[in-house]
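Asks: Pasting a structure here, questions to come.
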Amino acid sequence: MADTSARRSPLAHRATELAGLPIGVRELPFLTQLNLRLDADAPVALEVGKVLGGPLPTVPCTASRFGEVEVLWLGPDEWLVLAPAGGEKSLAAALREAIGPSDGAVTDVSAQRTAVELTGARVREVLARGCSIDLHPKISSVGTCVQTLLAQTGVVIVVHDETASDFVVLVRASFADYLASWLVDACVEVT
């Protein structure tokens, strides 16, 4: 497990402010984030699935969860693997071993983004103020994973519950503070 004691998350300085909002906003810092590229139809995909705990999601805009590992479909041959902090080296090594000499790649992008968990009955209303994706549960059910703009910032949004009141938003670390400011402003009218 990596020592993160000297690291500072992109939103650590905003934690108190964000905790006071009328929706739940909590940074999930230092998640393991691995970009995985390979042919989903190749035999190696089965080996990779064994490492992850289940098959790669192949339906566009979906995510699969296998215990503590979540796999987000980003494209026909691209996934983002999320896991608890500190496991990036061992998980990346296991995936590389599963891929072997086949065409494929695993890249550690853990420092690229931070994750923000948004919870509460009014989360969809807040997100709708800056996002054009329909996040109603009839359209965006559990396991929906979309790449979109939120407040003009590129993000990945993952739906985590049936009522669409629990989301994880992955945002580039360099835009995290901007997104936090936007969330504060967007929550002004939410009571």
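Asks: How much of the pair distance distribution for the range 48-191 lies past 22 Å, counting alpha-carbon pairs only, in percent?
Replies: It works out to 41 percent of all Cα pairs.
Asks: Quote the FRET efficiency, to the nearest 0.05, computed for Glu78 versus Val188 with a Förster distance R0 of 35 Å and r equal to the Cβ-Cβ distance.
Replies: Efficiency at R0 = 35 Å is approximately 0.40.
Asks: If you place +1 on the Cβ of every Lys and Arg and -1 on the Cβ of every Asp and Glu, how big does the dipole about the Cα centre of the chain come out, in debye to the nearest 20?
Replies: The calculation lands at about 320 debye.
Asks: Given only helices, namely DSSP H runs of n ≥ 4 each adding -39500 (n - 2.57), what is the per-residue ellipticity at 222 nm of the chain, to the nearest 500 deg cm²/dmol?
Replies: Values: 5 runs with 43 residues, N = 191.
About -6000 deg cm²/dmol.
Asks: Suppose every Lys and Arg Cβ carries +1 and every Asp and Glu Cβ carries -1, with no other charges. What dipole size does the range 115-177 come out with about its Cα centre, to the nearest 20 debye?
Replies: For the range 115-177, the charge dipole is close to 180 debye.
Asks: When only Cα pairs under 8 Å and 6 or more residues apart are kept, what is the percent relative contact order across the chain?
Replies: Once normalised by length, the contact order is 24 percent.
Asks: In addition: Excluding Val109 itself, calculate the net charge of residues whose Cβ lies under 14 Å from the Cβ of Val109, where each Lys or Arg counts +1 and each Asp or Glu counts -1.
Replies: Details: positive: Arg37, Lys89, Arg113, Arg172; negative: Glu78, Glu88, Asp108.
Local net charge: +1.
Asks: Once the dipole of the range 103-147 is set up with Lys and Arg at +1 and Asp and Glu at -1 on Cβ about the Cα centre, which of Ser140, Ala121, Val106 lies farthest towards its positive end?
Replies: Ala121
Asks: Order of 123-129, 10-16, 51-57 by packing, highest average Cβ count within 10 Å first?
Replies: The densest-packed peptide leads the list: 123-129, 51-57, 10-16.
Asks: Where the centre of each part is set by its Cα atoms, how far does the range 11-31 sit from the range 104-175, in angstrom?
Replies: Between the Cα centre of the range 11-31 and that of the range 104-175, the gap is 15 Å.
Asks: Which residue, chosen from Leu91, Tyr178, Leu38, occupies the Cα position most advanced towards the positive end of the dipole of the chain, where the dipole is computed from +1 (Lys, Arg) and -1 (Asp, Glu) charges on Cβ about the Cα centre?
Replies: Tyr178
Asks: Evaluate E = 1/(1 + (r/R0)^6) for Asp41 and Ala94, where r is the Cβ-Cβ distance and R0 equals 22 Å; express this FRET efficiency to the nearest 0.05.
Replies: About 0.55, to the nearest 0.05.
Asks: Over the range 1-150, give the accessible area per residue in Å² for a 1.4 Å probe, as an integer.
Replies: 51 Å²
Asks: Using a probe of 1.4 angstrom, how much of the accessible area of the chain is carbon and sulfur, in percent?
Replies: 53 percent
Asks: While we're on this one: On alpha-carbon atoms, Rg over Rh for the range 1-89 using Kirkwood Rh?
Replies: On the way: Rg = 15.9 Å, Rh = 14.9 Å.
With Rh from the inverse mean 1/r over Cα pairs, Rg/Rh is 1.07.
Asks: Cβ under 12 Å from Val44's Cβ, Val44 left aside: what net charge do those residues give with Lys, Arg +1 and Asp, Glu -1?
Replies: My count for the surroundings of Val44 gives -3.
The values are calculated or read from the model by the stated rules, or taken from the named source; none is laboratory data. All values reported here derive from a predicted model rather than from experimental measurement. Every residue, glycine among them, receives a Cβ derived from its backbone with ideal geometry; neighbour counts consider all protein chains shown. These area figures cover heavy atoms from the full protein model, side chains too; ligands, DNA and RNA do not enter into them. Shrake-Rupley method; radii C 1.70, N 1.55, O 1.52, S 1.80 Å.
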